[in-house]
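I have placed the structure first, in the form of structure tokens, so that the comments after it can refer back to it.
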Amino acid sequence: MPRAVADGPDGISDRVPPSIEVRDLRKSYGDIEAVRGVSFEVAVGETFGFLGPNGAGKSTTISMLCTLTEPSSGVARVSGHDVVRERLEVRRRIGLVFQDVTLDEYLTAEENLRFHADLYGVPKDIVAVRLHQVLEMVGLWDRRSGLVRTFSGGMKRRLEIARGLLHSPRVLFLDEPTVGLDPQTRAHIWEYIEQLRRREAVTIFLTTHYMDEAEHCDRIGIIDGGEIVAMGTPEALKAEVGLDRIELRAQDQDQVVGALRARFGLEPTVIEGAVTIRVANGAEFVPRLFGELGVPVLSVSVSRPTLDDVFMTFTGRTIRDAEASTSEVNATRPWMRAMRSR
Amino acid sequence: MTRRLKRNQRVDPVTIDNERRVGPGAGGSPPALQAAQALPRSGAPVSPGPSSGAFDAGGVLEVAAVRIAGGELRDDARAALVVWRRELIRFFRNRLRIVTSLAQPVLFLFVLGTGLASMVSKQGSVHGVALGAGIDFRTFMFPGVVGMTILFTAIFSAVSIVWDREFGFLREMLVAPVRRGAIIVGKCIGGATVATLQGLLMLALAGLVHVPYSPLLLLTLVGEMALAAFMLTAFGLMLAARITQVESFQVVMQFFVLPMFFLSGALFPLSNLPQWLAFLTKVDPLSYAVDPMRRAVLAHMAISAQTRRFLGGGMTWNGWRLPVGLELGLVAILGAVVLVIASRRFAKPD
Ligand SMILES: Nc1ncnc2c1ncn2[C@@H]1O[C@H](COP(=O)(O)OP(=O)(O)OP(=O)(O)O)[C@@H](O)[C@H]1O
Ligand SMILES: [Mg+2]
């Protein structure tokens, strides 16, 4: 388990305190251990992502960092303030986009934002400017007088992101910002997030269970069953997996599997109709494969390790399997949700 | 901007470079991002437009919008005010609700009231006391029905916080950098205002049941209505703090609101009741809010002292007639106490 160290060896490198600092954070709900001792740090201006299947403890972690849930044990500091003892200080510095919609649907987009601005004490003279900025940014300026009830899911999401930014937070928490959206809207939202990083120098903590989205992060932590099982840059994590993946499609799979075993001493697996093997250097292996395999093959594809492979390596299953295994737990979620917000 | 990423990671730290992703050297740029770049950047302030001026200054927006000092009374007052304003916006936007909430008290007053009035006048007396002497039964009922309007509107407004929770908006409020008590106070005053407004609509019908539109009477009633509305909304919030599901609203109605309504003397005089019932009416906080309103109305009617005593003399403790000031004081204190309890309950995180 990676463990955060307060001071760097040279004593200078860590002068700037991290934006988020978490040490051995835990949360139990009765018998359920939602978060089992996570530790990590997020530097100022960094985009850090939690990648994990349903029920991994992502939202619970965010909830604790945002002072909405009290940790069972452990320490967490956001922007230098303790999330238990200095709640107001923390809240003043964070923006938050929850996993599910938290807009007042009977108010207009603008009214929702004004409510937020007033609640956060954004000075009167900059509210109008700021409102315009964030609404333009998410492309909702023209719809500002529309009732939120009449918005599509993607529009609501964008409005929430705009709201989370309205008061210029130092740290922005995004809990699955793109869940349930179509690919185009997802792409748009990522575009906004990229802009944010550039323009507002805001630290972003986000969660996702989309592998491709995790690639946008500077660093990711893979969380499963309430524990961080791996952490690092997407590239570094993939490098750690090391092996490339080669997928072969053939008329006679068994024959190919047999040949691979006999000639190369490999142990192929059949995943979704493709014979899959892992080798250190895929591009160099393919010519050898053609020369020595000796059985007909329809197609070959070589891929560098993906985060799917990373997830597989660290948890022993694919993220889809992981999600399927928590589906019973999730049957009770609407009820949980009601409980959780107490 | 340079950023260091010198944390203990499982793998080697890599310096973060924003351009890494978007530059041609990015190699495995994820497909979603490529899609993002191919998309037209509609409405985004990438192109210099009139709106993007403040963004510049080195490409970074000044991150100073939120006043860092605070947590003071001023912030709390402001928060309460916004929450209050939201309640009003929602009230005025939902005209249908305004009309439908009027239907029930109107039915009580004009259908039940008229029906009972005919029975009362045929017999000429209730409990042997003449009632014909210049007073319509509906006049008697009027303050009770106004109280009922306040009761239902106030409880409904307070319990709307359960919907806020269900639809997530409560979390938006609770995560704000203000004390949670301020949110609850705002919600309470908002609900009380809405209930008073709804009560005003009922009050407008006073003339139909022979209650005079005397400015002094109306002013007194409005003040008493507002106080009742405050106490009842606070009470509703206290209950709502314990409710986690919208379905539980039924429970609140059956076990709190309806008994409160029936026991308050809104529909019948509290004099000459059997002891068990008299006791229950005195436990009901709503009684202490309805009684002052009834006394104000009766004071403006030309009726005999005996009738007045029978119709409006019910709130006694051990034979002692409570003064109006004390009743109103009790309502105010109860409201404040209950509001503090409600705030405490909402202030607790998970
Ligand atoms: N209020 C609660 N009471 C009881 N159990 C809870 C509560 N909140 C969360 N849990 C449990 O904690 C675990 C982690 O939940 P959490 O919501 O953090 O997962 P997640 O990673 O956000 O999942 P998802 O991707 O589905 O949003 C789950 O097993 C969940 O059932
Ligand atoms: Mg979640």
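Reported to the nearest whole Å, the Cα centre-to-centre distance from segment B:319-333 to segment A:125-185 is 51.
Just checking the listed ones, A:276, A:47, A:306: in the Gaussian network model of chain A with Cα springs under 10 Å, the one fluctuating most is A:276. Put a plus charge on the Cβ of each Lys and Arg, a minus charge on the Cβ of each Asp and Glu, and nothing anywhere else: the dipole of segment A:57-205 about its Cα centre is then about 300 debye. Assign one of three labels to segment B:214-289, namely rounded, prolate or oblate, based on the Cα gyration tensor with a ≥ b ≥ c the square roots of its eigenvalues; rounded applies when a/c is under 1.5, prolate when it is not and a/b is larger than b/c, and oblate otherwise. Cα axes put segment B:214-289 in the oblate bin. Between the alpha-carbon centres of segment A:213-233 and segment A:37-99 there is a gap of 15 Å. Note on A:107-113: average number of Cβ atoms from other chains within 10 Å of each residue's Cβ is 2. Here the residues B:248, A:73, ranked from fewest to most Cβ neighbours within 10 Å of their Cβ, fall in the order A:73, B:248. Against the main long axis of the alpha-carbon atoms of chain A, helix A:124-137 sits at an angle near 20°. Among beta bridges from DSSP that stay inside chain A, the antiparallel ones total about 65%. Close amide H pairs (under 5 Å, H built 1.01 Å from N) link residue A:266 with A:261, residues at least 5 positions away or on another chain. When the helices of chain A are scored as -39500 (n - 2.57) per DSSP H run of n ≥ 4 and the total is divided over every residue, the value at 222 nm lands at -11000 deg cm²/dmol. Within the listed set A:281, A:54, A:112, the Gaussian network model of chain A (springs between alpha-carbon atoms below 10 Å) gives the highest mean-square fluctuation for A:281.
Across peptide A:228-239, the average count of Cβ atoms from other chains found within 10 Å of a residue's Cβ is 4. Equivalent-ellipsoid semi-axes for segment B:199-350 (Cα gyration tensor, √(5λ), whole Å, largest first): 30, 18, 15.
Here's the picture: charge each Lys and Arg Cβ at +1 and each Asp and Glu Cβ at -1 in chain A, and of A:67, A:151, A:120 the one pushed furthest to the positive end of that dipole is A:120.
Here chain A is treated with +1 on each Lys and Arg Cβ and -1 on each Asp and Glu Cβ, and its dipole about the Cα centre works out to around 840 debye. Taking amide H positions as modeled 1.01 Å from N, with prolines and chain starts lacking one, the residues under 5 Å from residue A:97 and 5 or more places away or on another chain are A:173, A:174, A:175. Note on chain A: dipole from Cβ charges, positive end direction compared against A:169, A:270, A:298; the farthest Cα belongs to A:169. In terms of its Cα atoms, segment A:86-183 spans 37, 28, 22 Å along the principal axes, sorted from long to short. What is the log10 of I(q)/I(0) for segment A:174-249, computed with the Debye formula using one identical point scatterer on each Cα and no solvent, at q = 0.12, 0.23 Å⁻¹? Values returned for q = 0.12, 0.23 Å⁻¹ are -0.42, -1.16.
Quick one: grab the alpha carbon gyration tensor of chain A, order the square roots of its eigenvalues as a ≥ b ≥ c, and give me rounded if a/c is under 1.5, else prolate or oblate depending on whether a/b is larger than b/c. It is prolate, given that a/c is not under 1.5 and a/b is the larger ratio. Backbone geometry of segment A:74-82 corresponds, through the Karplus equation with coefficients 6.51, -1.76 and 1.60 at θ = phi - 60°, to 3J(HN,Hα) couplings of x, 10, 9, 10, 10, 6, x, 10, 6 Hz, x marking Gly and Pro. Ranked by the mean number of other Cβ atoms within 10 Å of their residues, highest first, the peptides A:231-239, B:177-185 come out as B:177-185, A:231-239. Converting phi to 3J(HN,Hα) with the Karplus coefficients 6.51, -1.76 and 1.60 and the offset θ = phi - 60°, segment B:340-347 yields 5, 4, 4, 4, 4, 5, 7, 6 Hz in sequence order, with x at every glycine or proline. Spatial offset of segment B:236-313 relative to segment A:295-322 amounts to 70 Å, using the alpha carbon center of each. Each peptide in A:55-63, B:103-111, B:309-317, A:91-99 was scored by the mean count of other Cβ atoms within 10 Å over its residues; highest first, the order is A:55-63, A:91-99, B:309-317, B:103-111. Computed 3J(HN,Hα) for segment A:58-68, one whole-Hz value per residue from the Karplus formula 6.51 cos²θ - 1.76 cosθ + 1.60 where θ = phi - 60°, is 5, 5, 4, 4, 4, 4, 6, 5, 8, 6, 7, glycine and proline marked x.
Per-residue packing, averaged as other Cβ atoms within 10 Å, sorts the ranges A:259-269, A:241-251 into the order A:241-251, A:259-269, beginning with the highest. Counting Cβ atoms of other protein chains within 10 Å of each residue's Cβ and taking the mean over peptide A:44-53 gives 2. Residues whose amide H comes within less than 5 Å of that of residue A:19, counting only those at least five positions distant or on another chain, are A:42, A:43, A:44 (H built at 1.01 Å from N in the peptide plane).
Read-outs: derived from the displayed coordinates by stated rules, not from any lab. Quantities reported herein were computed from a predicted structural model and do not represent experimental measurements. Ideal geometry is used to build each Cβ from the backbone, glycine not excepted, and the neighbour counts take in all protein chains shown.
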